[in-house]
Amino acid sequence: MEEKTTKTNNVKKYQLTGKRFGRGAVDSGLTHECGVFGAIATEWPTQIDIAQTVCLGLVALQHRGQESAGIVTSEGNCNKNFHIHKGMGMINNIFTDETIKKLKGNLGIGHTRYSTSAASEEVNCQPFVVHTIHGAIALAHNGELVNCDSLRNDVLGRGVGLSTYSDSELITQSLCVNPPVNEVNGPDWPARIRHLMKLTPLSYSLVIMMKDKIYGVRDPFGNRPLCLGRIVPLESSTRKANGLTNGNANSQEADGYVISSESCGFLSIGARYVREVLPGEIVEISRDGIRTVDIVERPNGKDRQAFCIFEYVYFARSDSIFEGQMVYSVRMQCGKQLAREAFIEADIVSSVPESGTAAAHGFSRESNIAFAEVLCKNRYVGRTFIQPSTRLRQLGVAKKFGALSENVAGKRLILIDDSIVRGNTIGPIIKLLRDAGAKEVHIRIASPPLLYPCYMGINIPTREELIGNKLNPEELAKQINADSLAYLSVDGLVRAVRTNLQTDNPKTIGHCTACLTGEYPIELDW
């Protein structure tokens, strides 16, 4: 792959060709690259099982990646000896009671992965651990660097070999070979991190572990999510379980601190949400608490951040908190807005479970059309090596869903889903509902059509594969045998996301809609 940078009117452009220009082929739907998690105890030696805490944090992030996972722990007193376990597959299959016992430590970081820019192989499992003259460092990364090739050439040009094509190894080595000029008494890691952030504007959320501390880093545009929490003492945990407690983590009693791509797993490990890591912020998490060490500004004087809007639509778990609001509430707002834009008379509103359920409830409330379940999902469907016959393949959706015929027969129904990617699934679902006796089936999608690829950590099928580039809503409705089909507008999605958004500075609010509009946070030369 070739990647070049040019400057026009003082705006740096990233020219994407080769792999990243045309990449994006995935087997089905959309895939997120990964999730990161870290934890540190305040008392050493700790009574908290750090490895198990990180493992449970990764289980809560399993939806962000199912190909591989890893955990690295440190006891905090030796800069040469980290405990590491990584492997391919699902988290519960990688980490057993025996492997968890070997991951001793007072702090640790973990990662769960779905590959985009590097192959699905064990060599690419994270976190990456590098042994330097100053000791070991471990790093886990969510996102994808838009200028990875220029960074790669810089690292290789300094005589450093790279064993993978992973952005995460590249970031780790770049931190090691780019010391600030005024470094005298050992490594200044915050300065090195800042230097890296100046070299590449997006996309990344990082957790970086030294022997006795963890750094959390979010790119200046805030494209990928990252949040902080505190582990509360057991007696406090049993008295009150409040999932949204904004404030200073250091001013409240804590047995430890956590950092995560999403807040959805905090309650299950006895932690409470504190706040998001700000765009461009570098936080240091130690046994003494959380402190901001630097905030790197966005390049070229850009005012607005560019948080990925599809975190709200598709990727995040519904109980996660972004920008002061719960994802479930935003998805309900999307449904309400969809009802305003694309109302139609019907007997019931329903959803493709569970992806469209929150939006369906919002549509129902706004339209005053009753909600009822019409599909029952089989939760035990997995990959199979048994190839079905042509007839069974045509009925492929039946292995995932069953129709609740008593709710469907003779009814005009509106079926809500969060998105349509290739359009392969919705047609068989409609057939299933018509076979169950549905009188009319109207499809409503709680997001705009996907039209463009993403180069910032989301693996989206190529433009040629995206159904939104092939058929307009009327043509697609005819192809899938729906009575009608309508998408939420881009303006409607943005309005829904920002309805209850909480921010101290409204002028910096911004969301990346590149996959919907082709407008990227930084200019890309095509």
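The values are calculated or read from the model by the stated rules, or taken from the named source; none is laboratory data. The structure displayed is predicted, hence computed values, not measured ones. All Cβ positions, even for glycine, are placed from backbone atoms using ideal geometry, and neighbour counts span all protein chains on display. Note: areas computed on protein heavy atoms with side chains; ligands, DNA, RNA excluded. Shrake-Rupley method; radii C 1.70, N 1.55, O 1.52, S 1.80 Å.
Between GLN66 and ARG495, what is the label-point separation in nm under the 7 Å Cα-to-beta-carbon projection?
Placing both labels 7 Å along Cα→Cβ, they lie 3.6 nm apart.
Quick one: which of 133-142, 288-297, 427-436 comes out on top by average Cβ neighbours within 10 Å, and what's the full order, highest first?
Going by the mean number of other Cβ atoms within 10 Å, highest first, we get 133-142, 427-436, 288-297.
Assign one of three labels to the stretch 330-492, namely rounded, prolate or oblate, based on the Cα gyration tensor with a ≥ b ≥ c the square roots of its eigenvalues; rounded applies when a/c is under 1.5, prolate when it is not and a/b is larger than b/c, and oblate otherwise. Each step should come with its number before you reach the end.
Numbers: a/c = 1.56, a/b = 1.04, b/c = 1.50.
It is oblate, given that a/c is not under 1.5 and a/b is not larger than b/c.
Quote the FRET efficiency, to the nearest 0.05, computed for GLU341 versus ASN81 with a Förster distance R0 of 60 Å and r equal to the Cβ-Cβ distance. The partial results should precede the final answer.
Details: r = 58 Å, r/R0 = 0.97.
That gives a FRET efficiency of 0.55.
Show me the ranking of peptides 103-114, 473-484 by mean Cβ neighbours inside 10 Å, starting with the highest.
Averaged packing, sorted descending, gives the order 103-114, 473-484.
Could you pull out every residue, at least 5 positions away or on a different chain, whose amide H is within less than 5 Å of the one on GLU75? Hs are placed 1.01 Å off N in the peptide plane, and Pro or chain starts have none.
Distant-sequence amide H within range of GLU75: ASN106.
Can you run phi through the Karplus equation (6.51, -1.76, 1.60; θ = phi - 60°) for the stretch 346-363 and list ³J(HN,Hα) in whole Hz, with x for Gly and Pro?
Residue by residue, the stretch 346-363 yields 7, 8, 9, 10, 9, 9, 7, x, 9, 4, x, 5, 4, 5, 5, 5, x, 4 Hz.
Return the sequence-ordered ³J(HN,Hα) values of the stretch 132-143 in whole Hz as given by the Karplus equation 6.51 cos²θ - 1.76 cosθ + 1.60 applied to θ = phi - 60°, using x for Gly and Pro.
Ordered by residue, 3J(HN,Hα) equals 10, 5, 9, x, 7, 10, 10, 9, 10, 9, 10, x Hz.
Would you kindly find the accessible area of CYS176, with a 1.4 Å probe and non-protein molecules such as ligands, DNA and RNA excluded, rounding to the nearest 10 Å²?
30
So who's got an amide H within less than 5 Å of the one on PHE401, skipping anything under 5 residues away but keeping other chains? H placed 1.01 Å off N, in plane.
ASN378
From largest accessible area down, sort TRP189, TRP44; use a 1.4 Å probe on the protein chains.
Working: TRP189 25, TRP44 50 Å².
My answer, sorted largest first, is TRP44, TRP189.
I'd like to compare 319-326, 353-360, 399-406: which one has the highest average count of other Cβ atoms within 10 Å, and what's the full order after that? Write down the numbers at each step before the final one.
Details: 319-326: 19.8, 353-360: 22.5, 399-406: 15.8.
So the peptides 319-326, 353-360, 399-406, ranked by packing, come out 353-360, 319-326, 399-406.
Students often get this wrong, so check it: of LYS377/LYS411; LYS336/LYS439; LYS80/LYS102; LYS377/LYS470, which have C-alpha atoms separated by over 27 Å?
Distance filter (> 27 Å) returns LYS377/LYS470.
For GLY510, enumerate residues with amide H under 5 Å from its amide H, sequence gap 5+ or separate chain, H modeled in the peptide plane.
Those lying under 5 Å, H to H, from GLY510 are GLN305, PHE307.
Given points 7 Å out from each Cα along the Cα-Cβ axis, report the ASP294 to ASN93 separation in nanometres with one decimal.
Here the modelled spin labels are 4.1 nm apart.
Using 0.36 nm per residue, how much length does the chain from ASN472 to ASP319 gain when fully extended, once their Cα-Cα distance is taken away?
Values: separation 153, 0.36 × 153 = 55.08 nm, distance 3.31 nm.
Value of the extension gain: 51.8 nm.
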